[in-house]
Amino acid sequence: MKVVHASWEKRNLGIDCNEVEIESHDTVEAIENDLLQAETEYTVAKIPAGMIEILFYVQRKGYYFIETMTSCYHAGESFSLTPAEMRFVNRIRYEEMTSQDRDYVFSRIEEGLFETDRIALDPCFTKVQANQRYIGWISDELERGASLFKLMNLERPVGFFCIKSAGAGICFAFLGGIYPEFARAGFGVPMNFYEIEEGMKRGAKRILSSYSSNNRGAAAIHLKMGYVLIEQYHVLVKHVNAKI
């Protein structure tokens, strides 16, 4: 079991937070004391899929299931897209953002862009907190060298994505979004396509991505694009002194 003090969440959410990562060799007996000692105002437990004994145990200890995260990769070799989908992709372009573009993205996020992540869905938090958290996350990643791109259709920005290096030969497309007025118009396909293309331009052998079980659309697109599953883990949360 690993414990990460998520100090950034104090800025984002205004509370102390620890993230507990259960490892494949862990048992209930091995984590009992450490789990109790790791608990803080807001505790997040990440449990690999299939570890049912620990999954049941943490729920008995007051944790609530909130999502399953799937990690996957694409090698850039093949795409399961129809000719019509490829024609649509070729209509769209992407380019790295200027500082003015970033201000626009942040303003759109503040309006309430993300609604399916574990913070937005948690009754102990607000949508405002959830979206401010994304702004903080993107800002931190940009300072560490990540790149932010805008997705354009007929000179209109329809969405964005972020990508960063994750080691030798690996890029991680860690976040993307389509603006609400363009939702359900198919722009998730070119967004994911260009995340992969940008990773390949950077010489990556693998482009990593992830999505939540609460975002059915993201799951469908990743399957369509031909991503390969790496791992899945269940996420549970516990709030001290909060009634849910």
Do you know which residues across the stretch 66-100 are at pLDDT below 95 and under 25 Å from K127 (Cβ atoms)?
none
Within the stretch 18-27, restricting to residues that are outside any strand (DSSP E or B) and of a type outside the set (D, E, K, R), the one that is nearest to L236 (Cα to Cα) is I22
Search the stretch 50-74 for residues that are touching a residue at least 60 places away in the same chain (Cβ under 8 Å) and pair each with any residue that is loosely packed, with under 14 Cβ neighbours inside 10 Å and of a type in the set (G, A, S) when their beta-carbon atoms are under 8 Å apart and the residues are at least 6 apart or on different chains.
T68/A49
Residue list for the stretch 130-145, restricted to those being more than 19 Å from Y211 (Cα to Cα) and either surrounded by 14 or more Cβ atoms within 10 Å (Cβ to Cβ) or without any contact (Cβ under 8 Å) to a residue 12 or more places away in the chain (or both)
Q132, G136, S139, L142, E143
Across the stretch 179-234, which residue is surrounded by the fewest Cβ atoms within 10 Å (Cβ to Cβ) among those that are outside any helix (DSSP H, G or I) and among the β-branched types (V, I, T)?
V228
Residue check, A30 against (1) assigned to a strand (DSSP E or B); (2) loosely packed, with under 15 Cβ neighbours inside 10 Å; (3) hydrophobic (A, V, I, L, M, F, W, C), all met but one. Which one?
(1)
Considering every residue within the stretch 148-165, establish whether at least one is farther than 23 Å from S212 by Cβ and acidic (D, E).
yes
Kindly list the number of the only condition in (1) in a helix (DSSP H, G or I); (2) farther than 27 Å from L223 by Cβ; (3) out of contact with any helix residue (DSSP H, G or I) (no Cβ under 7 Å at 6 or more places or on another chain) that fails for M86.
(2)
Given (1) free of Cβ contacts under 8 Å to residues at least 60 places away in the same chain; (2) out of contact with any Ser or Thr (no Cβ under 6 Å at 6 or more places or on another chain); (3) surrounded by 13 or more Cβ atoms within 10 Å (Cβ to Cβ); (4) outside any loop (DSSP other than H, G, I, E, B), identify the lone condition not met by I15.
(4)
Selection from the stretch 89-115 of residues in contact with a strand residue (DSSP E or B) (Cβ under 6 Å, 6 or more places away or on another chain) and either outside the structural domain of K164 (by TED's automatic domain parsing) or in a loop (DSSP other than H, G, I, E, B) (or both) yields I92, M97, L113
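Residue by residue through the stretch 185-225, note down the ones that are in contact with a Gly (Cβ under 8 Å, 6 or more places away or on another chain) and under 28 Å from D122 (Cα atoms).
Just the residues of the stretch 185-225 that are in contact with a Gly (Cβ under 8 Å, 6 or more places away or on another chain), to begin with: 187-188, 191-192, 195-197, 199-200, 203-207, 217-218, 221.
F187, G188, M191, N192, G217, A218, I221 - these are the residues of the stretch 185-225 that are in contact with a Gly (Cβ under 8 Å, 6 or more places away or on another chain) and under 28 Å from D122 (Cα atoms).
Any idea which of K127, K224, K150 is in contact (Cβ under 8 Å) with a residue 24 or more places away in the chain and either closer than 30 Å to Y63 by Cα or in contact with a strand residue (DSSP E or B) (Cβ under 9 Å, 6 or more places away or on another chain) (or both)? Step through it out loud before you land on a result.
Values: K127 fails: in contact (Cβ under 8 Å) with a residue 24 or more places away in the chain; K224 fails: either closer than 30 Å to Y63 by Cα or in contact with a strand residue (DSSP E or B) (Cβ under 9 Å, 6 or more places away or on another chain) (or both).
One residue alone meets the criteria, K150.
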Restrict the check to the stretch 73-93 and report whether at least one residue is surrounded by 13 or more Cβ atoms within 10 Å (Cβ to Cβ) and under 30 Å from G14 (Cα atoms).
no
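The values are calculated or read from the model by the stated rules, or taken from the named source; none is laboratory data. Since this is a predicted model, take the numbers as computed values, not measurements. As a convention, Cβ positions derive from the backbone with ideal geometry for all residues, glycine included, and neighbour counts pool all protein chains shown.
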